[in-house]
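Okay, so here's the structure we're looking at.
The values are calculated or read from the model by the stated rules, or taken from the named source; none is laboratory data. What you are looking at is a predicted structure, and each value in this text was computed from that prediction instead of being measured. Heads up, the Cβs are rebuilt from the backbone with ideal geometry, glycines too, and the neighbour counts pull from every protein chain shown. To get the accessible areas, we keep the full protein, side chains included, count just its heavy atoms, and leave off ligands, DNA and RNA. Shrake-Rupley method; radii C 1.70, N 1.55, O 1.52, S 1.80 Å.
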Amino acid sequence: MALLVRVLRDRISISQWFPVCSRLVPVCPTQGQCGRALSGTSQKIKIAALRMYTNCVKKTDFEEFFLRCEMPDTFNSWFLITLLHVWMCLVRMKQEGRSGKYMCRVIVHFMWEDVEQRGRVMGVNPYILKKNMMVMTNNFYAAILGYDEGILSDDHGLAAALWRTFFNQKCEDPRQLELLVEYVRKQIQYLDSMNGEDLLLTGEVSWRPLVEKNPQSILKPHSPVYNDEGL
């Protein structure tokens with residue numbers, strides 16, 4: 001049983017970070033054309049980014065990853081799985097121009113807010129937590145670079161990136177690597193089929209199962225429903 005994940009899920013509500021949206025700094029360091037271009041939509045994008053990050057956590061079946069990839073039920077395993085799904089969202093949103101890149105920045109912001117909060121809930125010493133977050137930050141950007149190179153490569157290149165980062169160079173079962181390569185490929189394809197404007201307005205994403213009942217089926221997602229404010 002994934003006890004740690006269940007405890008964190010029960011004790012943490014990501015909705016508590018809605019007030020943080022109004023405190024996020026603009027994407028541009030100075031007020032200018034870039035700031036004016038985003039001023040009318042930035043608040044909607046922040047809310048959509050929060051939803052998208054929430055979907056990376058709430059809609060991912062962590063227990064299935066623990067079971068099929070033989071991962072321990074630890075905070076680090078949770079982070080590695082979350083990181084993979086956040087990265088796939090970043091890959092998708094980078095295709096949406098300036099607004100998409102801004103959304104990527106906000107998604108990453110919420111991810112670190114969540115990581116820090118979960119560490120506190122687990123009772124990690126503040127000094128140790130700060131030190132661990134510095135290490136995790138370095139690992140995050142190294143992972144993003146490796147995954148970016150892997151997704152542009154063939155399956156061998158992607159498998160190597162997953163072996164180094166997701167499995168921490170400790171996967172001895174090639175079937176697990178094959179399963180994860182297939183999962184990433186089909187999930188990227190699935191995200192690409194989603195409408196970019198809808199993603200910017202709603203942040204609603206869903207995830208294909210780790211193991212498909214019908215491996216040949218990649219269903220086109222339903223268009224999200226939202227009001228005039230993108231909510």
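Here are some notes:
- Ordering of 100-106, 61-67 by packing [mean C-beta count within 10 Å, highest first]: 100-106, 61-67
- Across the stretch 122-128, computed HN-Hα scalar couplings (Karplus, 6.51 cos²θ - 1.76 cosθ + 1.60, θ = phi - 60°) run 6, x, 5, 3, x, 5, 5 Hz from first to last residue, x flagging Gly and Pro.
- When the square roots of the Cα gyration tensor eigenvalues are ordered a ≥ b ≥ c, the ratio a/c for the stretch 40-206 is 1.5 or more and a/b does not exceed b/c, which makes its shape oblate.
- Accessible-area ranking of His85, His156, largest first, probe 1.4 Å: His156, His85
- Pairs exceeding a 27 Å alpha-carbon distance, out of Lys59/Lys213; Lys46/Lys94; Lys59/Lys94; Lys94/Lys186; Lys46/Lys213; Lys44/Lys131: Lys46/Lys213; Lys44/Lys131.
- Relative contact order computed over the stretch 40-206 (Cα-Cα under 8 Å; 6+ residues apart), in percent: 36 percent
- Carbon plus sulfur fraction of accessible area for the stretch 40-206, probe 1.4 Å, in percent: 52 percent
- Entry comment: accessible area of the stretch 40-206 is 46 Å² per residue, from protein heavy atoms only and a probe of 1.4 Å.
- Sorting Trp112, Trp163, Trp78 on solvent-accessible area from highest to lowest, probe radius 1.4 Å, gives Trp163, Trp112, Trp78.
- Straight Cα distances below 18 angstrom link Lys170 to the aspartates and glutamates Glu70, Asp73, Glu178, with same-chain residues fewer than 8 positions distant left out.
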